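Working notes, structure below.
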Amino acid sequence: MAEIVILGAGMVGITTALALQERGHVCIVVDKTAPGQETSYGNAGLIQSEAVEPYALPGNPVNLIRMAFGLHNAVSLEAGYVLRNLRAFVSYWVSSQKARHADLSRSWAPLVQAATTHHGLLAEAANANHLIKRDGFWEAYRDPRRLLRAVQDAERRKAAYGAGFRSYDSKALLAQEPALKSGLAGAIHWPDTWSCVDPGALVTAYASLFVQRGGTIIRGDATSLERTRSVWRVAGVESERVVIALGPWTPQLLAKFGYMVPMISKRGYHFHFRGEHGLQRPMLLSDDSVVLSPMSKGLRIATAAELSQRPSLNPPRQLVRGERAARALLDFDEPVEERPWNGTRPCLPGMLPMICEAPHHPGLWVHFGHGHQGFTLGPVTAQLLARAMDGEPSAINEFNGSKSTFQGNH
Ligand SMILES: Cc1cc2nc3c(=O)[nH]c(=O)nc-3n(C[C@H](O)[C@H](O)[C@H](O)COP(=O)(O)OP(=O)(O)OC[C@H]3O[C@@H](n4cnc5c(N)ncnc54)[C@H](O)[C@@H]3O)c2cc1C
């Protein structure tokens, strides 16, 4: 019998297993597929030191209206989806209000600031340093007024959290990124943000480290999880405790145990493009809300949030617009894939990830809801969870608040 079973082998599940293993626990990871093949594969690959505040709804009503009418590439919105999840959106809106958001940011910032240290230790131990680049990330603007406002906001974040940055006008930016055509007003360089040239491969490397240290990973369906007397059973394995780390699939499994956890699914897409694009570092095209990430497979263009029930079969509008904006700045060839990849950011309306034991099921732990920054935060929140499972005091108190997110009849 395993001591702890972890369901899910994404960045969050694998780093959970490593953190528990380091504390001497015997762990088994269960996933329906190989490690790092889902959301943790398809993201923009940023380990984001600059993301010191969780992603809020825009405060400016003009931006909200532009988003609602599809005039802003940051969000593609299906009214039916919003109406079906109205309660979650209202709660997200409440969390986005200035005072509440400032409170949440105070819990969030130290986690983000610890991320590169934790990834650095794991990447070293897993022989995965070649997958990580440590030379920062660009937040670029076409519109000079937006650049100016972004620099002012970066100054504010620097004063509040010490997030270092440097701003570049278009000439200085071209000197750093000679492959760019003109057209950008300039960019903010965030030097402490890291990037990964193959996010799925980084999770695979961390998973191999877990196995090398004596851990076990098996294929199985997490939905078979059940409890008889004080034992949890799943995929033919029995254990005393279970951690659900299924990313966007977590609420579905929790529903089986009577818990309703409202999640906002922010879908994103990517395509890789062939060719010598020449971009040195990842770049957020802020006016078009796409990230261009130089990756092993080619230039990955990843979109922002689509709020809809089902993914689009054709390349979605956000990706088409993003590709057009990227082609105005860089030369590159056709897409590698026939269809774009899509995946879902598991966003909780309260913005902080859920790291706690289920209130009415002893031994059932939950670790999910990292939203826009799960690839960054997995190794850090895994430490919080591991300490809490060992009954040690930790910063988990903030996240115990997430217990109130559990709704259900018990
Ligand atoms: C377009 C896009 C760009 C992003 N960019 C960034 C970024 O630059 N930086 C960043 O930090 N974050 C980014 N994110 C967010 C980040 O990717 C996620 O927060 C993170 O990957 C979530 O990790 P996870 O381990 O919780 O989920 P996942 O990686 O999805 O892992 C969940 C695992 O559960 C398994 N599973 C599901 N159902 C079952 C079942 N029934 N039985 C067994 N196993 C099951 C899956 O196979 C999967 O392996 C981005 C997300 C998107 C969509």
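The values are calculated or read from the model by the stated rules, or taken from the named source; none is laboratory data. Here the structure is a predicted model, which is why all the values come from computation and not from measurement. Cβ sites come from the backbone with ideal geometry, for glycine too, and all protein chains shown count toward neighbours.
Below are the figures for this structure:
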quantity: Enumeration of residues in region 192-217 that are surrounded by fewer than 15 Cβ atoms within 10 Å (Cβ to Cβ), in contact (Cβ under 8 Å) with a residue 24 or more places away in the chain and not charged (D, E, K, R); calculated: Gly214
quantity: Residue within region 63-70 that is within 15 Å of the ligand (Cβ to nearest atom) and in contact (Cβ under 8 Å) with a residue 40 or more places away in the chain present; calculated: no
quantity: Test: residue in region 78-94 that is touching a residue at least 40 places away in the same chain (Cβ under 8 Å), in contact with a Leu (Cβ under 7 Å, 6 or more places away or on another chain), in a loop (DSSP other than H, G, I, E, B) and buried (at least 16 other Cβ atoms within 10 Å of the Cβ); calculated: no
quantity: Residue among Ala17, Ala51 that is part of a loop (DSSP other than H, G, I, E, B) and either within 16 Å of the ligand (Cβ to nearest atom) or at pLDDT 95 or above (or both); calculated: Ala51
quantity: Conditions (1) closer than 25 Å to Glu177 by Cβ; (2) of a type in the set (A, V, I, L, M); (3) within 21 Å of the chain's Cα centre (by Cα); number of the one not met by Leu122; calculated: (1)
quantity: Checklist (1) within 30 Å of Trp232 (Cβ to Cβ); (2) buried (at least 24 other Cβ atoms within 10 Å of the Cβ); (3) within 8 Å of the ligand (Cβ to nearest atom) applied to Thr33, failing item; calculated: (2)
quantity: Every residue from region 36-47 that is outside any strand (DSSP E or B) and either more than 24 Å from Ala388 (Cβ to Cβ) or more than 6 Å from the ligand (Cβ to nearest atom) (or both); calculated: Gly36, Gln37, Glu38, Tyr41, Gly42, Asn43, Ala44, Gly45
quantity: Residue within region 277-287 that is out of contact with any Ser or Thr (no Cβ under 7 Å at 6 or more places or on another chain), within 13 Å of the ligand (Cβ to nearest atom) and farther than 21 Å from Arg146 by Cβ present; calculated: no
quantity: Region 124-168, residues that are under 27 Å from Gly200 (Cα atoms) and touching a strand residue (DSSP E or B) at 6+ places or on another chain (Cβ under 6 Å); calculated: Leu131, Ile132, Lys133, Arg134, Gly136, Phe137, Trp138, Glu139, Ala140
quantity: Number of positions in region 299-319 that are surrounded by fewer than 21 Cβ atoms within 10 Å (Cβ to Cβ) and either part of a loop (DSSP other than H, G, I, E, B) or at pLDDT 95 or above (or both); calculated: 9
quantity: Subset tally (residues that are out of contact with any Ser or Thr (no Cβ under 6 Å at 6 or more places or on another chain), assigned to a loop (DSSP other than H, G, I, E, B) and more than 12 Å from the ligand (Cβ to nearest atom)) for region 320-351; calculated: 11
